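Have a look at the structure below before the remarks.
The values are calculated or read from the model by the stated rules, or taken from the named source; none is laboratory data. Predicted, not measured: the structure shown is a model, and the values here were computed from it. FYI the Cβ positions are ideal-geometry reconstructions off the backbone, even for glycines, and counts take in every protein chain you see. Only protein heavy atoms, including side chains, enter the accessible area calculation; ligands, DNA and RNA are left aside. Shrake-Rupley method; radii C 1.70, N 1.55, O 1.52, S 1.80 Å.
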Amino acid sequence: MFTFAPMTAIAHKAKQFLVFTIKVLIVSAAFYFIVRQLQQNSALSLENVQQLWTQNLTWTGVLLLILLSFLNRFFEILKWQTLVSSFQKITLTQAAAQVLGALTAGIFTPNGLGEYAGKALFYPKTQTKRIVFLNLICNGVQMLYTIGFGLLGLLCFNAYFGVVSNGIVGGFLAGLIAVFAVLFFSRSFTIRGYSIQKLMEKINEIPRKIHQKNLLLGLGRYLVFSHQYYFLFLVFDVQQPYWLLMSGITSVYFLASSLPSFQFLDFALKGSMAVLFFGPLGINDWIPVFITALMWFLNVVIPVVIGSYFVLNFKTKP
């Protein structure tokens, strides 16, 4: 009986050391990718930031930008707290630790897939499938707004500039309807025990009030970060109609979200898309590139830095 006690203690110490090493590696990798991109990103150079500060931005504007960045993540944290409440009550602090910690873990994974594993680690292994499913709903709601507003933005943008013919637009919409029709009529089709119908049944198991609150918070978050982008255009004194700028912004987010990317490269993809959309408006290419990079810094870099604290203080669940 006593023979195995030292071995158990050694195994426990080894596990603690392994967990500590993984946490340090995650935080180090996150900081490495961020610092590297900041060094390579000329849009966020000290000269450009100083120019923005001295010529375009006031203290009121700075406070507004910080408030919008806070609300962006705060709504996401409330969404996660609301969804988890379907089976377990968690505090706002716990929800913040899980959201920001998972964001840090997912910064160097394609399309933030690491966030799924990151959140699951905060719960017992028996709850892994449930947490992954809830995170899928959490991200899915945000994606619905991105697609909906993005398609509307593309249609408005195309109606103004006539980039593609009405026939192509009609064909695209017809194809989209066809895809939804196929998904609807094949909802009972099962692959390895999974089907759209079963997915809908699982979604319906969550109380309607939680879905309603989740949808409202998702809408609030989308409006916050899209209007933060719009506010930065106003800071640079861009004189364009509100609806036209918002059409471009929603289109950029829609197209960027439909392509595989990493969080630490997100600004590069959105920046190239922004040049494509805002160039025809006569806006200097440097402005949307700088705005996209600044948005990335405010809404990804700063939350990742905060999330690093939660990763380093993370304790494994049995």
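Selection within the range 194-225: residues that are open to solvent by 100 Å² or more (accessible area, probe 1.4 Å) and outside any helix (DSSP H, G or I). The member of this set that is modelled with the lowest pLDDT is 194. The residue pairs whose first member lies in the range 161-178 and is over 21 Å from residue 281 (Cα atoms), whose second member is surrounded by fewer than 12 Cβ atoms within 10 Å (Cβ to Cβ) and at pLDDT 70 or above, and whose beta carbons are closer than 6 Å, counting only pairs six or more residues apart or on different chains, do not exist in this structure. The residues of the range 100-116 that are touching a helix residue (DSSP H, G or I) at 6+ places or on another chain (Cβ under 7 Å) and open to solvent by 10 Å² or more (accessible area, probe 1.4 Å), listed by number, are 100, 105, 108, 114, 115, 116. For the range 244-256, the condition of being modelled with pLDDT under 85 and either of a type outside the set (Ser, Thr, Tyr) or under 13 Å from the mean Cα position of the chain (by Cα) (or both) holds for at least one residue. Among (1) of a type in the set (Val, Ile, Thr); (2) open to solvent by 50 Å² or more (accessible area, probe 1.4 Å); (3) in contact with a helix residue (DSSP H, G or I) (Cβ under 6 Å, 6 or more places away or on another chain), which single condition is residue 90 missing? Here residue 90 meets the rest and fails (2). Annotation: of all residues in the range 82-95 being touching a residue at least 60 places away in the same chain (Cβ under 8 Å) and in a helix (DSSP H, G or I), the one that is farthest from residue 120 (Cα to Cα) is 82. Output the qualifying pairs, or none if there are none: Cβ atoms under 7 angstrom, residues six or more apart or on different chains, first residue in the range 233-259 and over 17 Å from residue 155 (Cα atoms), second residue in a loop (DSSP other than H, G, I, E, B) and open to solvent by 10 Å² or more (accessible area, probe 1.4 Å). Cβ pairs passing all conditions: 235/57; 238/283.
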